[in-house]
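Written out below as structure tokens is the structure these notes cover.
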Amino acid sequence: MSRGASWAGALVLVLVVSCCLSATALALPEGRVYEMVSPPYKGGYGASAIEAVAPTGESVAFYSPGAFEGAPSSPEGLIAYVAHRGATGWSTAPLMVPATMMPYIVAQDVSSSLDSTLALGKPGSNEEGAGQAGTEEEFRLHLTDRPDTEANWELGGVVLRTLEDKPLTLIYHGASADFCHILFTNLGREALLPQAAETTEPSLQIYELDRGCSGGPTSLRLLGVNNQGKSVDPACAVDVGIGGHYASEKENEFNAIAADGTEIFFTTNVDKATKCANESGDHQLFVRLDGAKTLEVSKSVAEECNEVPCEPGAASRASANFVGASEDGSRVFFTTTQSYVASEDKDTENDLYMATIGCPSGNEHGCEAAEREVKPLVQVSHDPNGEAAQVQGVVRVAPDGSRVYFVASGDLLSQAEQEGIEGEGRAVPHAKADNLYVYDSVSGKVAFVADLCSGSELSGAVVDVRCPSTTGSDERLWLSASGASGPEAQTAGTDGRFLVFSSYGQLVSSDTDTAKDIYRYDAETGALDRVSLGEAGSDANGNNSLFDATIALGNWGGKVARQYEMGNRAMTEDGSRIVFTTAEPLLPAAINHLTNVYEWHKEADDSEGRVSLISSGSAEEPVEDVVISPKGDDVFFVTVQGLVSQDTDGAPDIYDARLPHLPGEQLGFSVTGAKRQQCLGDACQGPLTNPAPLLVPGSVPQAPGGNFAAPVSKPAVKAKKPKPKPKPKKKRQKKGKASGRSGKAKKAAGRSRR
């Protein structure tokens with residue numbers, strides 16, 4: 001058969017399929033239009049993971065295993081790119097330090113505004129020499145709106161060397177939102193500072209690189225030191241927030257570094273005479289203020305001492321576990337079995353406390369960071385009935401610290417509060433159940449949200465008829481799901497007014513299935529909405545129990561991109577829109593029985609909200625990496641389906657389901673051919689099996705021109721697939737192991753190389 005006949009046959013087939021599906025598939029809601037973010041030509045590779053979305057929705061950082069758009073090759077790791085939206089379309093550029101400057105890259109991150117990127121690596125003449133024998137490492141910074149050239153990668157502070165000028169292996173822990181304060185560890189035993197050399201294990205110390213953004217000098221200093229510049233405990237580890245030295249299930253760095261970097265919370269052991277924390281010793285919580293002063297957070301203000309730690313009291317107190325802080329560092333939360341408020345906390349069970357870091361009394365105009373002090377501690381988990389709260393852990397902390405969502409086995413409501421919510425027909429907490437609460441620091445009140453199904457047929461230790469008996473569910477939302485990844489829960493709003501979370505529990509009357517559903521809680525009104533509904537009653541209103549609904553996992557902080565949910569945001573800042581995924585066909589257009597992207601939207605006067613399909617519902621592979629912009633105008637996701645005509649390679653691409661940002665804004669772009677690239681062999685022949693993908697509203701026909709790589713062959717898709725599970729996140733790097741480049745860059749194993 002001639003090539004012309006083959007093309008003609010394929011075109012007829014496409015027209016027939018398009019005709020048959022047009023009535024039931026491929027429709028975007030509310031004026032959204034698909035825009036292709038990643039470029040049509042990607043060297044035969046795909047866009048493998050979204051790393052970060054800018055708050056404006058106008059820029060996206062992502063990874064790919066292939067080199068294109070002028071990026072250097074990287075056979076053993078992923079290549080970083082950034083896409084910007086312009087007047088005529090999305091343009092892509094690499095975000096890789098030139099190999100002539102840094103042939104061995106260890107880690108990368110992006111600022112909270114995505115206007116700059118940070119790279120950690122080793123300089124040298126070649127990759128092997130730098131990686132194995134390099135005695136220097138450095139941070140490099142690059143403004144993402146500038147060309148990816150040597151001249152545009154500036155040194156971030158100073159070149160880092162050990163005191164003995166030996167090879168070093170740095171691990172990046174995190175930074176302030178603007179990269180002015182950067183934290184890292186050297187895995188080797190060689191110290192970078194004399195204070196570290198005085199410790200028993202220099203590899204367990206945290207270094208802070210202050211780039212001097214506020215006008216001061218660039219400086220390198222240790223984090224875990226007292227006010228005399230000596231290590232708080234020279235024999236034991238220091239962790240940002242709390243980390244793997246203490247217990248993997250307690251890993252948490254949520255806002256441990258304040259947005260401006262002037263407050264950094266750290267945990268370390270204080271009992272020099274016995275054991276370090278990783279050997280079951282006790283550990284306490286401290287805050288370092290602007291590199292000049294250290295305060296012990298987990299101590300009673302009544303303890304009179306001028307030392308840090310406060311001896312001998314610190315060594316005799318129970319451990320304090322950091323569970324999150326506010327973005328500005330003014331509030332911090334920790335759990336402990338120690339009693340700090342004797343009039344309220346009269347048991348030895350686990351409780352949640354809040355500490356405020358503020359100015360001395362009488363100072364109403366603010367003060368320098370080094371002048372601040374720890375105010376009296378507040379017991380968040382107070383039980384008015386005089387029983388033990390038995391706090392299991394914290395789910396989320398609001399950005400301003402005014403609200404905290406936590407789980408406790410105790411009943412923390414008074415009898416009057418219980419009767420009040422029962423009278424409204426709402427559920428009440430039960431002792432020994434895994435009760436989800438929210439604390440409001442303004443009112444000082446605790447409100448009940450829901451009970452979690454943290455075991456088959458059980459909620460905690462209490463049989464709960466609202467928990468399905470066949471799920472084997474595990475909803476311990478206070479534990480790390482995978483390394484630095486948190487639970488299926490996120491907040492919205494500076495004050496954390498809204499919480500979105502997943503649950504197998506049938507928490508409202510419209511939920512009658514045994515599958516996992518998505519819920520939104522409003523802390524101001526107490527309303528609990530089921531999000532994963534069927535549109536207009538489709539799919540038994542989402543109650544067919546075949547597939548779970550999931551949102552992206554929240555994060556416990558660490559990297560800046562993780563801290564600000566830049567690669568996994570599931571809810572808009574005003575809480576009105578939520579994106580989630582499920583293989584349930586919640587709309588008739590979802591015909592593939594695979595994971596699709598949905599958006600729930602609720603206006604102020606809606607009683608229940610409505611669900612719309614964001615992905616096409618007809619892709620041959622599940623959709624992945626869903627991110628909504630803070631305002632909700634953009635929903636980004638990765639799919640192999642060509643949703644616009646220039647997407648013909650069958651490889652994964654990033655799409656933006658976009659709403660107008662401004663009144664009258666024209667969406668979509670004028671059509672141009674893909675940029676011509678040098679091609680070899682069969683790649684020059686163009687696509688043979690997918691000449692004209694089905695178009696969707698908002699897509700545009702492809703103009704002639706441009707060579708495309710041959711489409712990737714895809715296996716046939718079965719009618720049904722097993723129940724999809726949330727995509728695993730890369731485990732946070734433990735001390736003593738090599739660092740990966742990104743939690744979202746899942747395919748890059750070990751230290752990334754070119």
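The values are calculated or read from the model by the stated rules, or taken from the named source; none is laboratory data. Given the structure is predicted, the values throughout are model-derived calculations rather than measurements. Cβ atoms come from the backbone with ideal geometry, glycine included; neighbour counts cover every protein chain shown.
What are the residues in the range 611-625 that are part of a loop (DSSP other than H, G, I, E, B) and touching a residue at least 60 places away in the same chain (Cβ under 8 Å), if any?
Matches in the range 611-625: I614, S616, G617, S618, E620, E621, P622.
Within the range 364-417, which residues are in a strand (DSSP E or B), among the small types (G, A, S) and within 21 Å of V442 (Cβ to Cβ)?
If we filter the range 364-417 for residues that are in a strand (DSSP E or B), which is where we start, we get 373-374, 378-379, 391-397, 403-408.
This time we only want the ones that are among the small types (G, A, S), so: 393, 408.
Matches in the range 364-417: A408 only.
Going through the range 130-170 one residue at a time, which ones are under 15 Å from L220 (Cα atoms) and either in contact with a Cys (Cβ under 7 Å, 6 or more places away or on another chain) or part of a strand (DSSP E or B) (or both)? Give the steps one after another, and end with the answer.
In the first step, residues of the range 130-170 are kept if they are under 15 Å from L220 (Cα atoms); the result is 136-139, 155-163, 170.
The answer is E137, E138, F139, L155, L160, L170.
Could you check the range 454-510 and list, in sequence order, the residues that are at pLDDT below 80, assigned to a strand (DSSP E or B) and not hydrophobic (A, V, I, L, M, F, W, C)?
Passing the criteria: G455, S482, S485.
Mind checking which residues of the range 564-610 are closer than 19 Å to I654 by Cα and assigned to a loop (DSSP other than H, G, I, E, B)?
E565, M566, G567, N568, R569, A570, L594, T595
Just to be sure I understand, how many residues within the range 369-390 are of a type in the set (G, A, S) and either crowded, with 23+ Cβ neighbours inside 10 Å or under 17 Å from V449 (Cα atoms) (or both)? Give the derivation first.
Of the range 369-390, the ones of a type in the set (G, A, S) are 369-370, 381, 386, 388-389.
Filter again for either crowded, with 23+ Cβ neighbours inside 10 Å or under 17 Å from V449 (Cα atoms) (or both), leaving 381, 389.
Qualifying residue count for the region: 2.
Out of (1) buried (at least 22 other Cβ atoms within 10 Å of the Cβ); (2) modelled with pLDDT of 90 or more, what's the single condition that is false for E58?
Answer for E58: the failing condition is (1).
Tell me whether the range 443-457 contains one or more residues that are small (G, A, S), touching a residue at least 40 places away in the same chain (Cβ under 8 Å) and either buried (at least 24 other Cβ atoms within 10 Å of the Cβ) or under 19 Å from T336 (Cα atoms) (or both).
Scanning the range 443-457, I find at least one residue that is small (G, A, S), touching a residue at least 40 places away in the same chain (Cβ under 8 Å) and either buried (at least 24 other Cβ atoms within 10 Å of the Cβ) or under 19 Å from T336 (Cα atoms) (or both), so the answer is yes.
Return yes when P217 is over 29 Å from the mean Cα position of the chain (by Cα) and either in contact (Cβ under 8 Å) with a residue 60 or more places away in the chain or at negative phi (or both) and no when it is not. Break it down into steps so the answer makes sense when it comes.
Details: over 29 Å from the mean Cα position of the chain (by Cα): yes; either in contact (Cβ under 8 Å) with a residue 60 or more places away in the chain or at negative phi (or both): yes.
Considered against the rule, which asks whether it is over 29 Å from the mean Cα position of the chain (by Cα) and either in contact (Cβ under 8 Å) with a residue 60 or more places away in the chain or at negative phi (or both), P217 comes out as yes.
Among the candidates G366, G393, which residue alone is modelled with pLDDT under 95, surrounded by 15 or more Cβ atoms within 10 Å (Cβ to Cβ) and at positive phi? Don't jump to the end; show me each part of the working.
Numbers: G366 fails: surrounded by 15 or more Cβ atoms within 10 Å (Cβ to Cβ).
The match here is G393.
Go through the range 90-120 and give me each residue that's farther than 19 Å from G46 by Cα and not in a strand (DSSP E or B).
Filtering the range 90-120 down to residues farther than 19 Å from G46 by Cα leaves 97-120.
Residues satisfying the conditions are V97, P98, A99, T100, M101, M102, P103, S111, S112, S113, L114, D115.
Might you let me know whether the range 529-550 holds any residue that is at negative phi, crowded, with 24+ Cβ neighbours inside 10 Å and assigned to a helix (DSSP H, G or I)?
no
In this structure, is L209 modelled with pLDDT of 90 or more, within 26 Å of A177 (Cα to Cα) and either in contact with a Phe, Trp or Tyr (Cβ under 6 Å, 6 or more places away or on another chain) or part of a loop (DSSP other than H, G, I, E, B) (or both)?
Details: modelled with pLDDT of 90 or more: yes; within 26 Å of A177 (Cα to Cα): yes; either in contact with a Phe, Trp or Tyr (Cβ under 6 Å, 6 or more places away or on another chain) or part of a loop (DSSP other than H, G, I, E, B) (or both): no.
No: the conditions fail for L209.
Quick check on this structure: which one of E35, E30, E69 is outside any strand (DSSP E or B), among the acidic types (D, E) and within 30 Å of S612 (Cα to Cα)? Steps first, answer last, please.
Details: E35 fails: outside any strand (DSSP E or B); E69 fails: within 30 Å of S612 (Cα to Cα).
Among E35, E30, E69, only E30 is outside any strand (DSSP E or B), among the acidic types (D, E) and within 30 Å of S612 (Cα to Cα).
Determine which member of the set T185, T199 is part of a loop (DSSP other than H, G, I, E, B), at pLDDT 90 or above and of a type in the set (S, T, N, Q). Lay out the reasoning, then the answer.
Values: T185 fails: part of a loop (DSSP other than H, G, I, E, B).
After ruling out the rest, the residue left standing is T199.
Within the range 243-261, restricting attention to residues that are buried (at least 23 other Cβ atoms within 10 Å of the Cβ) and modelled with pLDDT of 90 or more, which residue is farthest from the chain's Cα centre (by Cα)?
G261
Could you check P399 against (1) touching a Cys at 6+ places or on another chain (Cβ under 8 Å); (2) within 20 Å of E327 (Cβ to Cβ) and say which number it fails?
Condition not satisfied by P399: (1).
For residues that are touching a strand residue (DSSP E or B) at 6+ places or on another chain (Cβ under 8 Å) and assigned to a loop (DSSP other than H, G, I, E, B), tally how many sit in the range 350-363.
Qualifying residue count, the range 350-363: 3.
Conditions (1) part of a loop (DSSP other than H, G, I, E, B); (2) in contact with a Pro (Cβ under 6 Å, 6 or more places away or on another chain); (3) within 26 Å of A408 (Cβ to Cβ), marked per residue:
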{"position": "K299", "(1), (2), (3)": "yes, no, yes"}
{"position": "E303", "(1), (2), (3)": "yes, no, no"}
{"position": "V308", "(1), (2), (3)": "yes, no, no"}
{"position": "E311", "(1), (2), (3)": "yes, no, no"}
{"position": "A315", "(1), (2), (3)": "no, no, no"}
{"position": "S319", "(1), (2), (3)": "yes, no, yes"}
{"position": "V323", "(1), (2), (3)": "no, no, yes"}
{"position": "E327", "(1), (2), (3)": "yes, yes, yes"}
{"position": "F333", "(1), (2), (3)": "no, no, yes"}
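Filter the range 62-89 for residues that are of a type in the set (F, W, Y) and either modelled with pLDDT of 95 or more or within 15 Å of A52 (Cβ to Cβ) (or both) and give the result.
The first filter runs over the range 62-89 and keeps only residues of a type in the set (F, W, Y), leaving 62-63, 68, 81.
Correct list: F62, Y63, Y81.
For V644, indicate whether it is out of contact with any Cys (no Cβ under 6 Å at 6 or more places or on another chain), in contact (Cβ under 8 Å) with a residue 24 or more places away in the chain, in a strand (DSSP E or B) and crowded, with 23+ Cβ neighbours inside 10 Å.
Working: out of contact with any Cys (no Cβ under 6 Å at 6 or more places or on another chain): yes; in contact (Cβ under 8 Å) with a residue 24 or more places away in the chain: yes; in a strand (DSSP E or B): no; crowded, with 23+ Cβ neighbours inside 10 Å: yes.
Taking the combined requirement at face value, the residue does not satisfy it.
Which ones in the range 348-361 are of a type outside the set (V, I, T), surrounded by fewer than 16 Cβ atoms within 10 Å (Cβ to Cβ) and farther than 26 Å from E327 by Cβ?
none
Need the failing condition index for A561 against (1) of a type in the set (G, A, S); (2) buried (at least 24 other Cβ atoms within 10 Å of the Cβ); (3) over 21 Å from Y655 (Cα atoms), just the number.
(3)
Right, A703: of a type in the set (A, V, I, L, M), more than 27 Å from the chain's Cα centre (by Cα), modelled with pLDDT under 75 and part of a loop (DSSP other than H, G, I, E, B) or not?
Details: of a type in the set (A, V, I, L, M): yes; more than 27 Å from the chain's Cα centre (by Cα): yes; modelled with pLDDT under 75: yes; part of a loop (DSSP other than H, G, I, E, B): yes.
Answer is yes for this residue.
Test S510 against the criterion of being touching a residue at least 40 places away in the same chain (Cβ under 8 Å) and either surrounded by 20 or more Cβ atoms within 10 Å (Cβ to Cβ) or touching a helix residue (DSSP H, G or I) at 6+ places or on another chain (Cβ under 7 Å) (or both), and give yes or no.
Working: touching a residue at least 40 places away in the same chain (Cβ under 8 Å): yes; either surrounded by 20 or more Cβ atoms within 10 Å (Cβ to Cβ) or touching a helix residue (DSSP H, G or I) at 6+ places or on another chain (Cβ under 7 Å) (or both): yes.
Yes, satisfied.
In the range 491-505, is there at least one residue being surrounded by 24 or more Cβ atoms within 10 Å (Cβ to Cβ), in contact (Cβ under 8 Å) with a residue 60 or more places away in the chain and under 16 Å from S454 (Cα atoms)?
Scanning the range 491-505, I find at least one residue that is surrounded by 24 or more Cβ atoms within 10 Å (Cβ to Cβ), in contact (Cβ under 8 Å) with a residue 60 or more places away in the chain and under 16 Å from S454 (Cα atoms), so the answer is yes.
Only one residue in G455, G366 is of a type outside the set (A, V, I, L, M, F, W, C) and closer than 24 Å to R331 by Cα, so which one is that?
Values: G455 fails: closer than 24 Å to R331 by Cα.
G366 is the lone residue from the list that is of a type outside the set (A, V, I, L, M, F, W, C) and closer than 24 Å to R331 by Cα.
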